[in-house]
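Worksheet: one structure, shown below.
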Amino acid sequence: MGAQLRVYKRRIKSVTATKKITKAMEMIAASRIVKAQRQVAASTPYASELTRAVTAVATGSTTRHALTTEAENPVRAAVLLVTSDRGLAGGYSSNAIKAAEVLSERLRAEGKDVVTYIVGRKGVAYYGFRERPVAESWTGFTDSPTYADAKRIAGPLIEAVQQDTAEGGVDELHIVFTEFASMMTQTPVDNRLLPLSLEKAPVEQEAAAPGRILPLFDFEPSAEGVLDALLPRYVESRIYNALLQAAASEHAARRRAMKSATDNAEELIKSLSRLANAARQAEITQEISEIVGGASALADATAGSDN
């Protein structure tokens, strides 16, 4: 076997092994997407209804709460960036980081200092390589987050919002994550979690119609006490939903990236196989030519000796 043919066979073997790995990773990611989608669907109604409840309490009372009141002159904003712990997911993490960069630039243009919190090793590595300050980071659970992870993240963020800015607190809390729309579409988004945007509650919109009566709310022990109890859960549920959306998006992006890698490996194997076949044919042709040439030379030598 010629040296060139051995090189082709070695490369085909290597690419085939890589293809098996990428195919397995594609199948694993596809199986995990289903579970992640179910978790997103299960968590979204709770987060939505909790938002409605908090909005109803805030709009149905005259209480000015720290977590629902806009600062007159906001000077500092916290940005929670959700990335992945592992790579091989295409542009998933880089797109989320770009969205966070755009948001941070916008906040700085408004005259606010930005305090960055990061979820995922990819985001931590990005900011660490550029020596950018990070207030706090969490890693190790991005592909399968739990409510306990969301609660652990929400704690220092709520504390920062409740703290005075002169003591290192923040006036606003934003979150950047990748929203899962479908298997083919995942979009990085940025949402402001706090202060809560007090839109009209649905009950008030219904009451505004002719013949409707505006409902009255009675809060026990007080509206402020209810907000103190609901708002941490509101932040936790929103962060948990964002983590689940990001996990589903990560699995979908990894599946798409691994499928592309598998397809590329198949094309490369076909190309290398054609080159290997051409090299084998060239070797066979050369061997036949050598045999024919040797036979011809032997025949000539035999004829000369007879003469």
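The values are calculated or read from the model by the stated rules, or taken from the named source; none is laboratory data. Computed from a predicted structure; not experimentally measured. Note that each Cβ is placed from the backbone with ideal geometry, even for glycine, and that neighbours are counted across all protein chains shown. We work out accessible area using only protein heavy atoms, side chains counted, and drop any ligands, DNA or RNA first. Shrake-Rupley method; radii C 1.70, N 1.55, O 1.52, S 1.80 Å.
Before moving on, here are some points about what is shown:
- Whichever residue in region 92-106 is under 22 Å from residue 244 (Cβ atoms) and open to solvent by less than 50 Å² (accessible area, probe 1.4 Å) and, among such residues, is farthest from the chain's Cα centre (by Cα): 103
- All conditions in (1) open to solvent by less than 10 Å² (accessible area, probe 1.4 Å); (2) in a strand (DSSP E or B); (3) not aromatic (Phe, Trp, Tyr) hold for residue 137, with the sole exception of (1).
- Residue check for residue 289: within 36 Å of the chain's Cα centre (by Cα), small (Gly, Ala, Ser) and farther than 30 Å from residue 155 by Cβ: no
- Set 268, 275, 298: member being open to solvent by 60 Å² or more (accessible area, probe 1.4 Å) and touching a Phe, Trp or Tyr at 6+ places or on another chain (Cβ under 8 Å): 275
- For beta carbons closer than 9 Å, sequence separation of 6+ or different chains, a first residue in region 64-91 that is more than 17 Å from residue 140 (Cβ to Cβ) and hydroxyl-bearing (Ser, Thr, Tyr) and a second that is part of a loop (DSSP other than H, G, I, E, B) and modelled with pLDDT of 80 or more, the qualifying pairs are 68/195; 69/195.
- If only residues of region 140-159 that are under 13 Å from residue 84 (Cβ atoms) and among the small types (Gly, Ala, Ser) are counted, the one that is surrounded by the fewest Cβ atoms within 10 Å (Cβ to Cβ) is 140.
- Verdict on residue 49 being closer than 30 Å to residue 147 by Cα, acidic (Asp, Glu) and open to solvent by 70 Å² or more (accessible area, probe 1.4 Å): yes
- Matching entry among 56, 109, 77 (being among the small types (Gly, Ala, Ser), at pLDDT 90 or above and either open to solvent by less than 40 Å² (accessible area, probe 1.4 Å) or within 24 Å of residue 150 (Cβ to Cβ) (or both)): 77
- Selection of region 1-46 for residues being surrounded by 18 or more Cβ atoms within 10 Å (Cβ to Cβ) and among the small types (Gly, Ala, Ser) yields 29, 36, 43.
- Contact annotation: residue pairs with Cβ atoms under 9 Å, 6 or more positions apart or on different chains, pairing a residue in region 266-287 that is farther than 22 Å from residue 21 by Cβ and of a type in the set (Asp, Glu) with a partner that is open to solvent by 70 Å² or more (accessible area, probe 1.4 Å) and part of a helix (DSSP H, G or I), are 283/4.
- Residue match in region 64-71 (condition: of a type in the set (S, T, N, Q) and open to solvent by 40 Å² or more (accessible area, probe 1.4 Å)): no
- Qualifying residue in region 105-122 (condition: without any contact (Cβ under 8 Å) to a residue 12 or more places away in the chain, part of a helix (DSSP H, G or I) and within 18 Å of residue 231 (Cα to Cα)): no
- Within this structure, residue 117 fails the test of being among the aromatic types (Phe, Trp, Tyr) and open to solvent by 50 Å² or more (accessible area, probe 1.4 Å).
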